[in-house]
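A quick write-up on the structure given underneath.
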Amino acid sequence: MFLTDLMLIKLGRWLRIMGIASESPAPDEIDDDVIIYKALKEGKILLTMDKGMAQNAASTGVKTILIPSKMIDVEDQLTYVIKEAGIPSSKLRNKVLCTECGSPIRDARREEVEGIVPEGILGTTDRFWKCSSCSHVYWDGSHWRNIQKTVAKVKACISESGA
Ligand SMILES: [Zn+2]
């Protein structure tokens, strides 16, 4: 659904975490025109903070969401994009996806994560998760809670606006 420019790769990743299809260019795709053409060809909505790029895209017929340049917080960007695109909160995923690769995460047993999770953590929790694709490991700790918090916050902002 979305294609971000190079500046918004982090936003693209967070959109995927929330269950919204989005792609970002490879780090070496630095040519705006190539990115705009890709959005046009694939019928994607371009996400950018660059006014010039947004104008070029619009004149090519690409649907574009221009994110205000002072909006640097990814939570604000997420809320803004979801509202602008009119995505209802019911479309957002309840389950969090892997922040590294966007694949589903499954519950993991303690034995599976021993040696990966820091020693000190093993004693503090019994809740572990593992990415089904890249094997990235998560545990019930501050990083995990921050991910959940961001998702909950964005959802709350969207529900407030009545979408
Ligand atoms: Zn992963």
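The values are calculated or read from the model by the stated rules, or taken from the named source; none is laboratory data. The model shown is predicted, which means the values in this text are computed figures rather than measured ones. A quick note on method: Cβ atoms are made from the backbone with ideal geometry, for glycine too, and the neighbour counts reach across all protein chains shown. Areas reflect the complete protein model, heavy atoms only, side chains present, ligands, DNA and RNA absent. Shrake-Rupley method; radii C 1.70, N 1.55, O 1.52, S 1.80 Å.
Within the stretch 44-122, report the trypsin sites (Lys or Arg not before Pro) that DSSP leaves as loop and that have at most 12 other Cβ atoms within 10 Å.
Working: sites: LYS44, LYS51, LYS63, LYS70, LYS83, LYS91, ARG93, LYS95, ARG106, ARG109, ARG110; in loops: LYS44, LYS63, LYS70, ARG93, LYS95, ARG109.
Of the trypsin sites (Lys or Arg not before Pro), the ones in loops of the stretch 44-122 whose Cβ has at most 12 other Cβ atoms within 10 Å are LYS70, LYS95, ARG109.
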Next item on the list: Taking amide H positions as placed in the peptide plane 1.01 Å from N, state which residues far from PHE128 in sequence (5 or more) or on other chains have amide H under 5 Å from it.
Entry: ALA108
Check: Ignoring ligands, DNA and RNA, what accessible area per residue does the chain give at 1.4 Å, in Å²?
Finding: 56 Å²
Check: Lysine pairs in the chain with alpha-carbon atoms under 13 Å apart, 8 or more places apart or on different chains: how many are there?
Finding: 9
Margin query: Testing the spin-label approximation: label points 7 Å from Cα along Cα→Cβ at SER135 and ASP31. State their distance in nm.
Written below: 3.8 nm
Check: Points 7 angstrom from Cα along the Cβ direction at ARG127 and LEU40: gap in nanometres?
Finding: 4.8 nm
Item checked: Vicinal HN-Hα couplings computed from phi for the stretch 21-29 (Karplus, 6.51 cos²θ - 1.76 cosθ + 1.60; Hz; Gly/Pro x) -> 5, 7, 10, 10, x, 5, x, 9, 7
Next item on the list: Taking the convex hull of the Cα atoms, report for the stretch 105-160 its projected area averaged over all directions, in nm².
Entry: 4.5 nm²
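Looking at the chain only, what percent of DSSP beta bridges run antiparallel? Nearest 5 please.
The antiparallel proportion sits near 50 percent.
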Next item on the list: For ILE45, enumerate residues with amide H under 5 Å from its amide H, sequence gap 5+ or separate chain, H modeled in the peptide plane.
Entry: PHE2, LEU3
